[in-house]
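Only the coordinates and a few stated rules stand behind these numbers; no lab work does. Note that the structure is a prediction, hence the values are computed from the model and not measured. For neighbour counting, all protein chains shown are included, and Cβ atoms are generated from backbone atoms with ideal geometry for every residue, glycine included.
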Amino acid sequence: MEPVTSKRVAVTVNGALHERDVEARRLLVHFLRDELDLTGTHVGCDTGNCGACTVIVDAKAVKSCMLLAVQVDGATIETIESLASDGGLHPLQQAFSDHHALQCGYCTPGMLMSAKHLLDHNAEPTENEIRRAIQGNICRCTGYVNIVEAIAAAAKGEVSA
Amino acid sequence: MSETTATTAAPEQVEAPQKGFAGQSIPRKEDKRLVQGEGVFFDDVKRHGMGYVHFVRSPYAHAGIVSIDVSAAEAVEGVYGTLIGEEVAAQTDPFFEMSTPPGNEIRDYALAVGKVRFAGEPVAAVVAETRELARDAAELVEVEYEPLEPVLDAVAAVEPDAAVLHDEAGSNVVWSGTFDWGDYDQALAEADRVVKIDRLYFHRFSSTPLECAGALVEYDRGTAQWTLHCNHQMPGIGIVWMAPALRVGSDKLRIVTQDIGGGFGNKITLHPYFVALCLLARKLNRPVQWTEWRTDQHTANTHGNERTFLDVEVPVKADGTMLGYKVRAFDDAGAFPRYEPLGCIIWAQVTPGCYRWRHVRVDFTQACTNKSPTAPNRGYSRMQQLWFTERVIDLVASELGLDPVEVRKRNYIRSDEMPYETPNGCVYDSGDYARCLDIALDLVGYERLEERRRDAESRGKLLGLGIGSTLDSGTNNFGQSQLLNPELQFSGNNEVASVRLDIFGEIVVTLGTTPQGQSHETVAAQVVADLLGVTPDDVHVRAGHDSYWNSHAGFSGTYASQFAVTGLEAVKGATLALADQIRRLAAVILGAEGPDSIELAEGFAKVRDNPEAALPFMACGAIINVNNAGLPPELDDVTLNCRYVYRPPFQVPDTERKFGNLTLTYATQIHACVVEVDRETGVYEIVDYAAVDDCGTRIHPQIVEGQVHGATAHALGAATFETFPYDENGMLQTSNFYDYHVPHALDMPPLKTGYIESPSPFSSLGTKGMGEGGGAGIHAVCAALQDALRPLGNPLVTESHNPYHRVWELMRDPEASRAGVEVGAAR
């Protein structure tokens with residue numbers, strides 16, 4: 001018998017249901033970027049270290065390079081593209097801008113999704129809890145100083161209008 | 001979280017407060033798209049029918065290529081084609097080499113030809129319908145190798161019996177030469193003591209930008225032009241390398257960038273990969289896309305220069321005044337000199353570091369080894385030199401029983417000596433190093449140091465304080481290349497901006513730069529807004545670079561700490577020209593006396609004494625662009641589309657004396673670091689850290705501080721975690737982010753920042769480039785460790801990379817580290 005090399009997947013991404021035949025070996029991050037054109041989710045390493053590809057799958061922050069697309073059949077996924085709504089930035093996005101928590105912006109989508117996951121589960125994080133929540137996300141530009149400040153400000157609702 | 005960053009107030013030496021947007025931390029224009037995942041990085045660009053490229057890479061550090069067979073790969077369904085070194089050698093010329101003989105005999109191609117010289121070197125390329133298929137098919141390429149002995153140390157590489165990497169050169173020496181400034185022999189005669197240090201070693205690492213390198217390359221058969229959507233950070237010079245190799249004119253290469261995910265110099269020497277992609281796009285007549293894998297970035301993209309300092313001699317007066325130094329330096333260029341040998345001269349921008357050292361004798365050799373090629377890496381070549389000067393200060397202080405703070409202040413160049421000419425003719429523009437040091441020491445509570453030592457001691461820890469004093473030399477005079485090779489035809493520098501007032505009154509700015517996080521859209525808009533009397537929101541700065549529109553110059557790009565000077569001077573020049581044209585046009589339309597009677601404010605050109613007479617910018621744009629009948633001849637040259645090329649005022653250096661001004665501005669970074677070392681294990685923690693910056697006038701303080709944070713993180717990573725060691729076979733041991741640990745959020749200590757502003761007299765805005773920093777964190781950690789370990793037999797820190805096990809070795813065997821350092825009487 002020929003091995004199965006693709007599978008039908010039904011997945012809800014940012015509120016929209018997608019049904020696709022996907023190659024069995026295709027990584028979730030490449031499915032999102034190449035097949036759904038959601039290019040806000042980035043790839044920074046091959047090994048699950050950097051977190052640039054972080055998305056939220058069924059309320060958990062996951063590195064989308066560490067999952068195969070076939071594994072998310074039936075799942076609900078949030079990517080960076082879902083964060084802003086009604087033409088306005090999410091408080092975390094605004095706080096990142098307020099605090100200069102991004103320079104090149106390449107790690108930012110993954111960093112924001114990790115931060116969102118934190119605040120979804122812990123409305124008043126300490127500095128240490130914030131650092132712990134983003135320790136799977138590498139930023140090579142900022143030294144994390146302003147990222148930590150931005151997440152703390154967003155948690156307190158201290159963002160510019 | 002306010003304790004994370006403490007910024008000192010009260011800037012020093014500030015001129016009259018600035019009016020307008022320059023000087024304010026306005027919201028960044030780049031952020032809106034980037035926080036929404038709507039940036040466009042090269043890997044986001046797609047084309048119909050594009051093929052994905054995977055490179056087949058050498059598993060050997062040094063080997064002959066006996067044969068390459070791509071037939072099995074090409075037979076796979078979905079594989080579009082391949083490329084091997086033989087085709088590259090037939091269709092291209094070797095890349096231009098900058099060195100003198102023997103270095104300039106080296107033949108460097110896009111793929112290995114006949115031989116591989118480092119593990120990870122591309123040998124062949126496979127193009128397929130998907131990335132996965134390209135990778136699988138690459139496994140089917142059969143390469144037969146004949147392994148050769150690897151050469152892994154630059155000092156050993158120049159020994160007569162060393163294996164030679166490049167047979168055509170006949171030697172592993174890329175470049176060698178001597179530098180002799182002041183009167184070193186006289187300094188020896190005047191000295192009371194001479195401190196000798198056998199060996200200092202600055203390790204190999206890289207800033208490893210999070211976005212790997214890559215490009216989407218299209219070939220247009222009708223015009224024979226390639227378009228590269230890519231993340232090259234120095235397109236001007238990139239084209240100079242690539243076009244002659246491809247045997248075409250520079251107009252045949254269109255380089256387009258938009259958002260770039262970090263660069264740090266590591267995206268300057270991408271030309272070998274990009275030439276291979278150009279050949280594939282032409283051969284296969286389809287767009288080809290290549291995204292470097294993380295492992296490939298570590299094993300085969302650029303590393304920072306690895307430098308060994310031998311036989312160091314420092315003549316010192318009894319009062320602690322150091323007169324200069326003598327050293328033999330060996331620089332490891334890796335397998336090919338791809339930006340080298342420029343590192344053999346760039347260090348000389350900061351020859352004496354921050355110090356009043358007048359007598360310097362340097363014997364410098366750069367050699368090839370079977371490791372990944374080196375190239376600019378944040379702090380390029382100066383960081384190594386500054387680490388050397390800081391180690392010299394602290395080792396001499398230790399051996400002569402001098403206080404590290406006092407000895408620095410005694411030897412620092414003083415603010416009242418600025419502008420200061422160094423022994424090799426560089427001109428330090430402005431600064432106050434002693435004041436910066438005082439601020440840094442205040443921030444880390446220096447006055448309570450002894451009390452804190454005792455407190456740490458009571459907890460089984462050793463506490464130490466270290467200082468890193470550095471300069472960030474910016475705006476290169478490329479004429480320094482002639483000090484390596486007088487035949488080279490490079491000198492000066494330039495950057496371009498165009499500012500246009502368009503049909504509906506839009507102000508549109510085009511830059512020649514290629515920012516990778518340095519916020520050029522925002523900072524350019526601040527400068528334009530102030531000059532035209534509008535707000536930054538009214539200024540539309542084009543994102544990225546596109547060489548197609550003639551918007552660039554030969555040195556265009558974003559590198560070497562220069563945008564705040566070259567980029568902004570270009571923006572200012574173009575904007576002033578546009579403002580002048582608007583005034584001239586408005587004066588005619590409004591019937592005013594002349595351009596001088598017109599002022600620009602709130603989007604209008606107004607007659608100064610008659611508020612009723614005002615022409616909106618929209619009308620100006622419309623008149624020139626679509627309603628220009630009847631304009632008088634004196635406005636014939638008014639286009640409202642002004643291009644300005646900024647050229648810094650440089651001379652060609654004196655190649656005989658190797659003397660001249662090599663950079664225009666010198667920002668200062670002085671850091672202070674407090675560490676606590678565990679007495680049992682050598683594990684240490686940075687418990688207090690301050691970074692004080694002086695980059696002259698700051699256009700956007702928040703952005704400047706962000707660069708300080710980032711440069712500090714890079715330095716602290718390199719000091720403790722980041723290193724590229726090779727095993728005895730020439731295999732890199734840290735080829736991904738598991739093994740190559742970069743700082744994560746929990747690794748970073750609390751950072752305190754402070755600043756002063758010493759405006760540069762050499763830039764019209766008073767600005768200085770400052771993005772690279774000088775690796776101050778590395779120097780400060782080395783110094784702090786040496787200070788902390790003093791009670792344990794006074795081990796000496798002679799290497800730049802000090803992981804916990806190295807500290808443990810220093811504690812266990814202090815004498816081993818001390819063996820190479822001695823104090824002698826002067827001759």
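Over all distinct Cα pairs, what is the inverse of the mean 1/r for segment B:589-709, reported as the Kirkwood hydrodynamic radius in Å?
21.4
Here are some pairs, B:LYS19/B:LYS768; B:LYS32/B:LYS768; B:LYS46/B:LYS283; B:LYS29/B:LYS606; B:LYS326/B:LYS768; which of them have Cα atoms lying more than 22 Å apart in this structure?
Cα-Cα > 22 Å for B:LYS32/B:LYS768; B:LYS29/B:LYS606; B:LYS326/B:LYS768; rest within.
In which sequence would A:SER160, B:SER556, B:SER491 go, from the one with the fewest C-beta neighbours within 10 Å to the one with the most?
The most exposed by this proxy come first: A:SER160, B:SER491, B:SER556.
If we count every other residue with Cβ under 10 angstrom of A:ASN14's Cβ, Lys/Arg +1 and Asp/Glu -1, where does the sum land?
-2
To the nearest Å, what is the center-to-center distance of segment B:42-102 and segment B:612-669, using C-alpha atoms only?
A separation of 43 Å, based on Cα centres.
Choose one of A:LEU118, A:LEU83, A:GLY143: the residue whose Cα lies farthest towards the positive end of the charge dipole of segment A:83-161 (beta-carbon charges +1 Lys, Arg; -1 Asp, Glu; about the Cα centre).
A:GLY143
Rg and Dmax in Å for segment B:100-196, alpha carbons only: what are they?
Radius of gyration, then largest Cα-Cα span, for segment B:100-196: 22.2, 72 Å.
Starting from the eigenvalues of the Cα gyration tensor, five times each then square-rooted, give me the equivalent ellipsoid semi-axes of segment B:239-303, largest first, whole Å.
They are 21, 15, 12 Å, listed largest first.
Tell me whether segment A:91-155 comes out rounded, prolate or oblate; compute the Cα gyration tensor, take square roots of the eigenvalues as a ≥ b ≥ c, and use a/c under 1.5 as the rounded threshold.
prolate
Report, ordered by chain and residue number, the lysines lying within cross-link reach of A:LYS60, taken as a straight Cα distance under 19 Å and ignoring same-chain residues fewer than 8 apart.
A:LYS116
Calculate the dipole size of the protein assembly as shown relative to its Cα centre from +1 charges on Lys and Arg beta carbons and -1 charges on Asp and Glu beta carbons; express the result in debye to the nearest 20.
Using Cβ point charges on Lys, Arg, Asp and Glu, the protein assembly as shown gives about 380 debye.
Using only the alpha-carbon atoms of chain B as identical scatterers, what base-10 log of I(q)/I(0) does the Debye formula give at q = 0.04, 0.09, 0.11 Å⁻¹?
-0.18, -0.89, -1.27
Can you grab the distance from the C-alpha centre of segment B:699-735 to the C-alpha centre of segment B:464-539, Å, no decimals?
Centre-to-centre (Cα) distance: 24 Å.
So how do B:THR734, A:THR79 line up by other beta-carbon neighbours within 10 Å, fewest first?
B:THR734, A:THR79
Just tell me which lysines come within less than 19 Å, Cα to Cα, of B:LYS115; anything on the same chain fewer than 8 places away is out.
By straight Cα distance, B:LYS115 reaches B:LYS371.
What is the dipole size for segment B:46-164, taken about its Cα centre, with +1 at each Lys and Arg Cβ and -1 at each Asp and Glu Cβ, in debye to the nearest 20?
520
Calculate the translational D of segment A:6-82 in whole µm² s⁻¹ from Stokes-Einstein, where the hydrodynamic radius comes from the Kirkwood formula applied to all Cα pairs, the temperature is 25 °C and the viscosity 0.890 mPa s.
In µm²/s, the coefficient is 203.
Give me B:HIS744, A:HIS121, B:HIS520 ranked fewest to most by other Cβ atoms within 10 Å of their Cβ, as a rough exposure proxy.
A:HIS121, B:HIS744, B:HIS520
State the three equivalent ellipsoid semi-axes of chain A, derived from the C-alpha gyration tensor as the square roots of 5 times its eigenvalues, in descending order and whole Å.
30, 16, 13
Considering the zone a paramagnetic label at B:TYR738 would reach in this model (a point 7 Å from Cα along the Cα-to-Cβ line), which residues of segment A:48-89 have amide N under 20 Å from it?
A:48-54, A:62-68
Just tell me how shielded B:198-211 is by partners: mean number of partner chain Cβ atoms within 10 Å of each residue's Cβ, no decimals.
3
What is the Cα centroid distance between segment B:377-400 and segment B:134-161, reported in whole angstrom?
Here the two parts' Cα centres lie 34 Å apart.
Which is farthest toward the positive dipole end of chain B among B:LEU462, B:GLY78, B:PRO244, measuring Cα position about the Cα centre, with Cβ charges +1 (Lys, Arg) and -1 (Asp, Glu)?
The Cα lying farthest towards the positive end belongs to B:PRO244.
Which of the peptides B:63-74, B:342-353 is most tightly packed, and how do the rest follow, judged by the mean count of other Cβ atoms within 10 Å per residue?
B:342-353, B:63-74
Among A:GLY40, A:VAL62, A:VAL11, whose Cα sits farthest toward the positive end of the charge dipole of segment A:6-82 (+1 at Cβ of Lys/Arg, -1 at Cβ of Asp/Glu, about the Cα centre)?
Sorting the options by dipole projection puts first A:VAL62.
Please label the shape of segment A:61-104 as rounded, prolate or oblate, based on the square roots a ≥ b ≥ c of the eigenvalues of the alpha-carbon gyration tensor (a/c under 1.5 means rounded; beyond that, a/b larger than b/c means prolate, else oblate).
Verdict is oblate for segment A:61-104.
For segment B:346-500, treating each Cα as an identical point scatterer without solvent, what Debye log10 I(q)/I(0) comes out at q = 0.09, 0.11, 0.15, 0.17 1/Å?
For segment B:346-500 at q = 0.09, 0.11, 0.15, 0.17 Å⁻¹, log10 I(q)/I(0) is -0.42, -0.61, -0.97, -1.14.
Compute the relative contact order of segment A:91-155 as a whole-number percentage, counting only Cα pairs closer than 8 Å that sit 6 or more residues apart in sequence.
After rounding, I find 53 percent.
Beyond 50 Å, what percent of the Cα pairs of the protein assembly as shown remain?
21
Only sites in a loop by DSSP and with at most 16 other Cβ atoms within 10 Å count here; which GluC sites (Glu not before Pro) in segment B:594-644 make the cut?
Here the GluC sites (Glu not before Pro) that fit, given the DSSP loop and packing criteria, are B:GLU602.
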